[in-house]
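Read the structure below first, then the notes.
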Amino acid sequence: MSASINHKTYASALPNFRNLGVLLRILVIVNVMAAGIAVSKSGSLTNVWHEVLEVSAVVQPVIMLSLVTLVLLNDVLRRAPYLWGASIVLALELVLVTALYVFGRPLFAMQADALEAYWLLTLLVTAALLLYFDLRGRALSPALSEARLQALQARIRPHFLFNSINAVLSLIRQDPKRAERALEDMADLFRALMADNRQLAPLAREVELCREYLNIEQLRLGERLRIEWHVDNLPQDALIPPLVLQPLLENAVYHGIEPRLEPGVVSINIYLARGEVHMVLRNPYEQEGDHHAGNKMALANIRERLALHFDAEASLTTNVSDSAYQVHIVVPYQKAGAA
């Protein structure tokens, strides 16, 4: 079956070296390891600060030059196969350390006749960082959290599918064209749900999918579901992880509209501000009842995928008031070819 949920294992990939979260992690990890080396070299507590300064005098220029180089070569490195990219990173670090040793040894207080030791430390630290980012990617991979997402969908989809089919059947004689459009929306929606959704996709496509989903829900819920779109400032070429908004809208309908007898409004506000894409979803909220239990699973999955793609530059926050539930997602404005 060609259109089936993809169960491929996580494919190793270099981190995005232009991501501020990635750069911060590299800085922190390298400096912590440098401090550990300084402590191990010091014979007593009185010499620790001296050793820290001595090691830092070598580490800081190396790491700063390394980060600048990795940022500049980010696109080339990420396009290469993982093993080739990792090998290039290792080779680059050795070249940079060698260049600093040859041309800047007196300036940066590098020890004479210690090039082999610098090479060894560079290889160990770089390999440790590559291993850390690979393990982190595996831990946050959608493949590993797919079971949790499917558990949520398995509970919601049969209910949604059954009611949607009934709504379409009721339209076949009255409005066959609308019934046909609804079936096309359903086919498109389930095609997207079953695709391999590991790569970033245009925000415009996600919005289109959300409109198709809400059209289907509007069929069966009628006037009970009212939708407000605020997308005048929508950056259509922005890239986001697929199926970020649609599951949240599914939750908004299931938890915010279905339990109510009176009409309720689901609001979608998407805009670009200061180089960031903001996606704000709001739906009615009732304090009482157990209809909110399934929210956490979808939110956890989306947080993991945001962290996988954008690290610390993305966020997902929720806000609950007496009558409304709001989800606010912020991601960096990233376009195709800029990752």
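The values are calculated or read from the model by the stated rules, or taken from the named source; none is laboratory data. Please read these numbers as outputs of a predicted model, since none were measured by experiment. In this analysis, Cβ positions are derived from the backbone assuming ideal geometry, glycine residues included, and neighbour counts consider all displayed protein chains.
If you check Val244 against the conditions, is it within 24 Å of the chain's Cα centre (by Cα), among the aliphatic types (A, V, I, L, M) and closer than 27 Å to Glu180 by Cα? Talk me through it step by step, then tell me what you get.
Numbers: within 24 Å of the chain's Cα centre (by Cα): yes; among the aliphatic types (A, V, I, L, M): yes; closer than 27 Å to Glu180 by Cα: yes.
Yes, satisfied.
Residue check, Thr126 against (1) at pLDDT below 90; (2) not assigned by TED's automatic domain parsing to the domain that holds Arg303, all met but one. Which one?
The failed condition is (1).
Within region 260-273, which residues are under 21 Å from Leu245 (Cβ atoms) and either not small (Gly, Ala, Ser) or not assigned by TED's automatic domain parsing to the domain that holds Leu245 (or both)? Break it down into steps so the answer makes sense when it comes.
Quick first cut of region 260-273, residues under 21 Å from Leu245 (Cβ atoms) only: 264-273.
Correct list: Val265, Val266, Ile268, Asn269, Ile270, Tyr271, Leu272.
Right, Leu189: buried (at least 18 other Cβ atoms within 10 Å of the Cβ), aliphatic (A, V, I, L, M), under 28 Å from Asn301 (Cα atoms) and at pLDDT 70 or above or not?
Values: buried (at least 18 other Cβ atoms within 10 Å of the Cβ): yes; aliphatic (A, V, I, L, M): yes; under 28 Å from Asn301 (Cα atoms): yes; at pLDDT 70 or above: yes.
The answer is yes for Leu189.
So that you can scan it fast, the table gives a plain yes or no per residue for (1) assigned to a helix (DSSP H, G or I); (2) without any contact (Cβ under 8 Å) to a residue 12 or more places away in the chain; (3) of a type outside the set (S, T, N, Q):
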{"position": "Pro61", "(1), (2), (3)": "yes, no, yes"}
{"position": "Leu70", "(1), (2), (3)": "yes, no, yes"}
{"position": "Leu77", "(1), (2), (3)": "yes, no, yes"}
{"position": "Ser87", "(1), (2), (3)": "yes, yes, no"}
{"position": "Tyr101", "(1), (2), (3)": "yes, no, yes"}
{"position": "Pro106", "(1), (2), (3)": "no, yes, yes"}
